[in-house]
Protein chains: 2
Amino acid sequence: MAERLVVIGGDATGMSAASQARRLKKPGELEIVAFERGHFASYSACGIPYWVGGTVDGPDDLIARTPEQHRERDIDLRMRTEVTELDLDRGRVRTRGLDGGTESWTGYDKLVIATGARPLRPPLPGIDAPGVHGVQTLDDGQALLDTLQATEGTKAVVVGAGYIGVEMAEALVTRGYDVTVLDRGAQPMSTLDPDMGELVHEAMCGMGIETVRGAAVTGVRTDGSGRACAVTTEDDGEFPADIVVLGLGVRPETTLAEQAGLPLGDAGGLLTDLSMRVRGQDAVWAGGDCVEVLDLVLGRTRHIALGTHANKHGQIIGSNVAGDYATFPGVVGTAVSKVCDLEIARTGLLEEQAKSVGLQYVTVTIDSTSRAGYYPNARPMRVKMMAERRTGRLLGVQIVGREGAGKRVDVAAVALTARLTVEEMTALDLGYAPPFSPVWDPVLVAARKAAAAVRAAAS
Amino acid sequence: MAERLVVIGGDATGMSAASQARRLKKPGELEIVAFERGHFASYSACGIPYWVGGTVDGPDDLIARTPEQHRERDIDLRMRTEVTELDLDRGRVRTRGLDGGTESWTGYDKLVIATGARPLRPPLPGIDAPGVHGVQTLDDGQALLDTLQATEGTKAVVVGAGYIGVEMAEALVTRGYDVTVLDRGAQPMSTLDPDMGELVHEAMCGMGIETVRGAAVTGVRTDGSGRACAVTTEDDGEFPADIVVLGLGVRPETTLAEQAGLPLGDAGGLLTDLSMRVRGQDAVWAGGDCVEVLDLVLGRTRHIALGTHANKHGQIIGSNVAGDYATFPGVVGTAVSKVCDLEIARTGLLEEQAKSVGLQYVTVTIDSTSRAGYYPNARPMRVKMMAERRTGRLLGVQIVGREGAGKRVDVAAVALTARLTVEEMTALDLGYAPPFSPVWDPVLVAARKAAAAVRAAAS
């Protein structure tokens with residue numbers, strides 16, 4: 001008789017795991033049942049801001065594989081079905097159909113938890129009013145688009161200036177809105193050091209996006225019909241809003257796992273081993289936005305909600321569930337983002353993170369261009385590089401620039417993985433031709449300066 | 001009394017070396033004399049095709065630092081002065097002024113040979129006729145532009161389809177010429193495997209560039225005035241030409257060094273140690289296009305004429321000459337190029353190179369896109385990856401695609417330097433967001449497939 005694999009969550013990790021397991025095991029060997037509480041499965045959540053902005057069509061374009069396509073491949077994907085309880089002792093999950101279905105139990109031999117993350121929504125007055133939107137799922141995206149189409153208005157307020165916040169700011173600018181971004185931090189993009197975040201702030205101002213720093217949001221004011229009409233703050237007054245978008249970041253969605261007593265880390269994510277098996281469990285795997293990942297530079301687990309990790313996790317879990325072998329060694333903290341034509345990238349540690357684990361370091365910052373200076377469309381970029389004191393090991397890189405800036409961070413991501421020193425990086429054989437790079441690639445310029453700083457700090 | 005450094009050649013390596021030495025040593029400690037036989041110094045030879053094509057202004061824009069600027073920094077740069085003899089025993093060089101100057105000897109304590117490379121110009125009938133141009137120096141570029149301006153005509157023939165050939169083909173297309181490229185190889189870009197070169201061939205045809213493969217050029221036919229008017233071939237007839245550009249590659253310019261008995265490698269370049277000191281010499285350094293570099297993947301020295309290496313060499317030589325310490329560990333064979341909107345990149349070994357040193361390998365080829373498939377301007381790219389059999393160590397990557405393809409090769413360049421396996425590469429934490437990459441970066445897709453091929457070859 002076939003074993004049964006149950007997958008909770010039908011997005012990147014869950015359906016990648018199911019698909020990979022199906023590639024390796026026939027239906028007669030492994031039955032696969034997946035539960036998804038939303039209306040969509042296997043989609044690119046990262047594409048939602050571009051769908052909202054009208055840059056891409058949706059939602060179909062964002063869907064990698066429809067529920068029907070999964071079912072044709074013998075994956076029993078049950079949409080609009082919420083898992084309400086995990087019974088680890090008896091190896092079963094309780095489910096509830098959200099469209100009037102009844103509750104029932106489904107047994108499993110192997111379980112994959114891929115419940116993702118939920119957007120932070122602080123308990124402020126008016127935060128749940130119509131016109132206030134999160135952007136985590138395709139359902140969220142559809143709701144936001146419905147509101148945009150039903151609303152006559154020109155003013156949008158985005159709360160939070162992290163990745164989602166700046167991407168949504170761009171989306172709303174693209175749709176012709178006057179956009180105000182309220183952020184409690186001193187600079188937008190707390191995933192950058194403040195000096196690099198300042199560049200993002202300046203660029204956003206240049207794009208006509210009003211960015212209010214240090215803003216303490218106190219609530220959402222509603223009009224007579226109960227609809228959101230302004231965002232109120234402690235010291236900065238109130239900001240009229242025809243639509244409010246929350247971009248405050250996300251937390252791992254681990255309600256079920258917590259109730260079942262599964263181990264959670266400091267950031268609230270499930271803890272797994274390198275094979276993505278939940279620690280202490282034989283038959284339970286977890287991955288994607290609901291787990292913590294090992295940050296190889298920090299030496300600790302962190303919660304990093306990124307589609308690229310979620311997809312890798314799914315592949316790895318699917319292989320292991322099916323009796324093959326794969327591991328996820330960890331991340332180095334790479335992220336790229338874009339607001340209008342500004343590209344923002346980081347990998348490795350920020351200064352605060354390095355301090356938090358006792359690392360001493362030097363930093364350098366250089367300005368360069370994306371192409372040879374004389375070549376058309378050579379665009380400026382700033383590169384900040386951090387190296388460990390004494391050893392000179394690369395600790396992190398941040399890049400803010402225009403076209404051609406963002407993906408340069410990949411060079412540093414590989415160097416971090418390989419634990420290269422900045423001195424070693426000065427000799428990297430990076431591609432050069434005038435349309436692609438100055439003769440000294442910006443990463444090499446930064447590495448030379450960082451290597452000199454390491455030497456200077458040693459003497 | 002100050003020591004004297006003599007530098008032969010005033011381009012990237014020579015003037016970088018001089019400048020770096022000057023940074024570290026005051027004029028009272030080190031006198032620096034540099035000889036350049038051309039009209040220009042410290043320029044970007046890589047920019048010449050874009051100057052010829054009118055994409056960049058020149059020649060001033062291509063000059064990093066003028067002779068006057070060097071002299072202001074106490075570097076005695078003597079233009080239009082050719083070194084005609086090296087006397088290693090007595091530590092002196094004989095020079096001749098090319099604008100009517102006399103010959104004289106200049107003694108040195110330390111010598112830098114940075115004589116660069118010369119374009120291949122096979123001894124065929126008519127090859128030296130007016131209207132036939134090489135493109136190696138700014139002087140060459142100026143001569144070519146003068147011809148273009150003086151010539152009424154629409155037909156250009158480029159001989160050779162390597163980097164210079166395809167870049168010059170683009171330049172002449174940009175200037176409105178009908179361009180024919182004649183190449184003796186089965187595919188353009190012999191720096192790629194034939195299957196990847198075929199993509200370049202197809203793309204060049206699509207751009208209206210006639211590309212004749214397997215063409216054996218027999219000479220240049222001249223008209224009544226002695227000017228080039230057609231290129232003749234063995235089996236493919238003759239090709240009318242108002243202008244002929246030679247892009248047949250270059251050889252190290254080592255005439256002086258050879259006469260002085262300095263050690264040359266199989267590819268005709270000077271051989272140095274890791275500090276760029278000429279082997280067996282105490283006081284002579286060499287770098288740039290006149291030396292061979294250690295290919296870390298091939299395990300042998302090769303001749304690779306690239307401005308990025310030349311600049312690194314200059315820096316390193318300048319440091320060592322001045323008593324500081326720096327080394328050039330070698331290259332991994334990275335090169336990027338562009339013809340119209342086609343980006344062409346490679347790093348590591350080609351199949352033939354791997355075979356030549358006894359490596360057994362697997363290769364995989366994948367098609368992907370530069371951005372998420374649903375994002376606007378997601379452009380196709382093909383990635384070929386080679387890994388060693390058994391160990392799975394990355395051996396090489398070739399990429400042909402459109403915007404966003406070329407610089408992705410840098411990820412592989414770092415992985416080669418760090419000797420990563422393709423299995424290790426599958427977990428690389430590369431930057432992901434829809435405007436930058438599919439959720440699986442093309443390099444990761446290739447690595448996954450290569451890792452599977454390594455496993456399959458092992459079983």
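The values are calculated or read from the model by the stated rules, or taken from the named source; none is laboratory data. Being a predicted model, the structure only gives us computed values, none of them experimental. Positions of Cβ are generated from backbone atoms using ideal geometry, with glycine treated the same way; all protein chains shown enter the neighbour counts.
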Scope region A:186-217; condition among the aliphatic types (A, V, I, L, M) and in a loop (DSSP other than H, G, I, E, B); matching residues: A:A186, A:M189, A:L192, A:M207, A:I209, A:A215, A:A216
Lone unmet requirement of (1) within 30 Å of A:D341 (Cβ to Cβ); (2) assigned to a loop (DSSP other than H, G, I, E, B); (3) in contact (Cβ under 8 Å) with a residue 12 or more places away in the chain for A:G47: (2)
Residue check, A:R382 over 27 Å from the mean Cα position of the chain (by Cα) and touching a residue at least 24 places away in the same chain (Cβ under 8 Å): no
Residue among A:V158, A:V173 that alone is within 20 Å of the chain's Cα centre (by Cα) and in contact (Cβ under 8 Å) with a residue 60 or more places away in the chain: A:V158
Close pairs from region A:310-328: first more than 9 Å from chain B (Cβ to nearest Cβ), partner surrounded by fewer than 19 Cβ atoms within 10 Å (Cβ to Cβ), Cβ under 6 Å, at least 6 apart: A:N320/A:S275; A:A322/A:L24; A:D324/A:L24
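Go through region A:218-299 and tell me which strands (runs of 3 or more DSSP E), entirely inside it, have 2 or more residues that are in contact (Cβ under 8 Å) with a residue 60 or more places away in the chain and out of contact with any Phe, Trp or Tyr (no Cβ under 9 Å at 6 or more places or on another chain).
A:228-233, A:238-240, A:243-246, A:250-252, A:284-286
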Region B:271-291, residues that are of a type in the set (A, V, I, L, M) and more than 19 Å from B:E36 (Cα to Cα): B:L271, B:L274, B:M276, B:V278, B:A283
Segments classed as strands (runs of 3 or more DSSP E), wholly inside region A:354-459, with at least 1 members that are surrounded by fewer than 19 Cβ atoms within 10 Å (Cβ to Cβ): A:361-369, A:380-388
Residues located in region A:398-419, provided they are more than 8 Å from every other protein chain (Cβ to nearest Cβ) and either over 13 Å from A:A354 (Cβ atoms) or of a type in the set (F, W, Y) (or both): A:I399, A:V400, A:G401, A:R402, A:E403, A:A405, A:A412, A:R419
Unmet criterion (only one of (1) at pLDDT 95 or above; (2) of a type in the set (G, A, S); (3) crowded, with 17+ Cβ neighbours inside 10 Å) for B:G134: (1)
Qualifying positions in region A:56-88 - farther than 24 Å from A:H309 by Cα, buried (at least 16 other Cβ atoms within 10 Å of the Cβ) and either of a type in the set (A, V, I, L, M, F, W, C) or at the interface with chain B (Cβ under 9 Å from one of its Cβ atoms) (or both): A:L86, A:L88
Qualifying residue in region A:381-389 (condition: within 11 Å of chain B (Cβ to nearest Cβ) and under 27 Å from B:L416 (Cβ atoms)): no
Residue list for region B:323-353, filter: farther than 23 Å from B:E170 by Cβ, buried (at least 20 other Cβ atoms within 10 Å of the Cβ) and either assigned by TED's automatic domain parsing to the domain that holds B:L24 or touching a Phe, Trp or Tyr at 6+ places or on another chain (Cβ under 9 Å) (or both): B:L349
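Table: residues versus (1) of a type in the set (G, A, S); (2) closer than 18 Å to A:D410 by Cα; (3) in contact with a Pro (Cβ under 6 Å, 6 or more places away or on another chain).
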{"residue": "A:C340", "(1), (2), (3)": "no, no, no"}
{"residue": "A:A345", "(1), (2), (3)": "yes, yes, no"}
{"residue": "A:E352", "(1), (2), (3)": "no, no, no"}
{"residue": "A:V362", "(1), (2), (3)": "no, no, no"}
{"residue": "A:T365", "(1), (2), (3)": "no, yes, no"}
{"residue": "A:S370", "(1), (2), (3)": "yes, yes, no"}
{"residue": "A:N377", "(1), (2), (3)": "no, no, no"}
{"residue": "A:A387", "(1), (2), (3)": "yes, yes, no"}
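If I go through region B:300-327 residue by residue, how many of them are in a helix (DSSP H, G or I) and not basic (K, R)?
14
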Residue that is nearest to B:V56 (Cα to Cα), among those in region A:328-348 that are in contact with a Lys or Arg (Cβ under 9 Å, 6 or more places away or on another chain) and in a loop (DSSP other than H, G, I, E, B): A:D341
Residue selected from region B:420-459 under the condition out of contact with any strand residue (DSSP E or B) (no Cβ under 6 Å at 6 or more places or on another chain) and of a type in the set (K, R), by the criterion nearest to the other protein chains (Cβ to nearest Cβ): B:R448
Residue match in region A:222-234 (condition: out of contact with any Pro (no Cβ under 9 Å at 6 or more places or on another chain) and within 17 Å of A:V159 (Cβ to Cβ)): yes
Residue within region A:361-379 that is of a type in the set (D, E, K, R), more than 14 Å from chain B (Cβ to nearest Cβ) and farther than 18 Å from B:E403 by Cβ present: yes
Filter result for the condition that a residue is touching a Ser or Thr at 6+ places or on another chain (Cβ under 9 Å), over 25 Å from A:G165 (Cβ atoms), surrounded by 19 or more Cβ atoms within 10 Å (Cβ to Cβ) and aliphatic (A, V, I, L, M), over A:L298, A:L256: A:L256
Number of positions in region B:107-131 that are crowded, with 17+ Cβ neighbours inside 10 Å and either in the same structural domain as B:V33 (by TED's automatic domain parsing) or within 20 Å of the chain's Cα centre (by Cα) (or both): 11
